[in-house]
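The next block holds one structure in the form of structure tokens; read it before the comments.
The values are calculated or read from the model by the stated rules, or taken from the named source; none is laboratory data. These numbers come from a predicted model, not from an experiment. Every residue, glycine as well, gets a Cβ built from its backbone with ideal geometry; the counts of neighbours run over all protein chains shown. Quick note on the areas: whole protein, heavy atoms, side chains included, nothing else; ligands and nucleic acids left out. Shrake-Rupley method; radii C 1.70, N 1.55, O 1.52, S 1.80 Å.
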Amino acid sequence: MGHKGIAIVKMTGEKAEFDQSKLRRSLERSGAGDLVIKQILGEVVASLYDGISTKEIYKTAFTLLRKSSRPTAARYKLKKAIMELGPTGYPFEKFVGEILKHQGFEVKVGVMVKGSCVMHEVDVVAEKDNKHFMIECKFHSHQDRYCDVKVPLYIQSRFKDVEQQWKKQPGHDTKFHQGWIFNNTRFTSDAIKYGNCAGLILIGWDYPKKRGLKERIDISGLHPVTCLTTLSKVEKQQLLNKNIVLCKMLHHNQRLFESIGVRGTRLAKAMKECEELCSQFSTNTN
């Protein structure tokens, strides 16, 4: 339901009418109860003014949600948490690798692969059954940065060079080979059009529908450590520096929390949030 006369400003700078149903759906997906959702919607609507940014609306909702339930707030901030895997793209590559492992792939992250013409540094190589995939991960620190058509054009040319060499390996002549691109934001329409035409698999934040990055995280329950609301930004960066990218890696691991200086009552709160976040997810991987 839109609110007449209230124009909000998206991250892209575009204006749109405030849609209460979109906020409700995002709160529902985070696991918030009906009473909490009703309270948050009421306070957000009361704070609206013409020209308010989606960032301000998110901040209001997140603050209220955190007071109600930290694990719920952690799930709600998933998109922001993925952005916090930067500033380099390596934690995002590790994160993508872990999601694919959960889906039953044999995975290698950050490997040098020989192509027919040159060597290539490939973000992720994944194998499953009779299929072999070369996967590139495009990480952006801002939601308004999209992957344009130049990205799949470039990745496809690299993949074709690698594919020629892969097919020469024993047993690979009958294998199915394909290039993938994981992107934590979105693709332009031309990028999607080219990717589909060339046979690349494109996975963005919410693309393809019901199989995008967000859905894969929701299904697997593999939340990044940057989701945790009990840790500071510095503490999260320390974990990323140790190649700890999943909350699951911290689950029941008191020593890891202590290694970044989290102790006492904060340790108990952080471990509780991590446990609740890891225990509330679907095990469906289809």
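Listing for the model above:
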item: Dipole magnitude (debye, nearest 20) for the chain, charges at Cβ of Lys, Arg, Asp, Glu; result: 360
item: Zero-based 5 Å bins, Cα pair distances in the stretch 141-249, whole percents; result: 2, 11, 16, 15, 15, 15, 14, 8, 3, 1, 0
item: Percent carbon-and-sulfur accessible area, the chain, ignoring ligands, DNA and RNA, probe 1.4 Å; result: 51
item: Per-selection metrics, the stretch 78-197 (Cα): Rg and Dmax in Å; result: 14.6, 44
item: Cα-derived Rg over Rh, computed across the stretch 13-105 with Rh taken as Kirkwood radius; result: 1.05
item: Rounded tilt (10° steps) of 264-279 against the dominant C-alpha axis of the chain; result: 60
item: Heavy-atom surface of the chain, accessible at 1.4 Å and reported per residue (Å²); result: 51
item: Solvent-free Debye scattering, log10 I(q)/I(0), computed from the Cα coordinates of the stretch 208-286 at q = 0.20 Å⁻¹; result: -0.84
item: Cα gyration tensor shape of the stretch 1-158, rounded if a/c is under 1.5, else prolate or oblate by comparing a/b with b/c; result: prolate
item: When the chain is reduced to its Cα atoms, the Kirkwood hydrodynamic radius in Å; result: 20.5
item: Residue-averaged 222 nm ellipticity for the chain, from DSSP H runs of 4+ at -39500 (n - 2.57), nearest 500; result: -14000 deg cm²/dmol
item: Relative contact order (%) - the stretch 140-286, alpha-carbon pairs under 8 angstrom, separation at least six; result: 20
item: Estimated FRET transfer efficiency (Arg25, Val118; beta-carbon r; R0 45 Å; 0.05); result: 0.45
item: Beta bridges by DSSP in the chain, antiparallel share as percent, to the nearest 5; result: 55
item: Per residue Cα convex hull volume in Å³ - calculated over the stretch 76-128; result: 83
item: Protection-proxy order for peptides 191-202, 34-45, each taking the mean of Cβ atoms within 10 Å per residue, highest first; result: 191-202, 34-45
item: Relative contact order (%) - criterion: Cα under 8 Å, at least six apart; region: the chain; result: 15
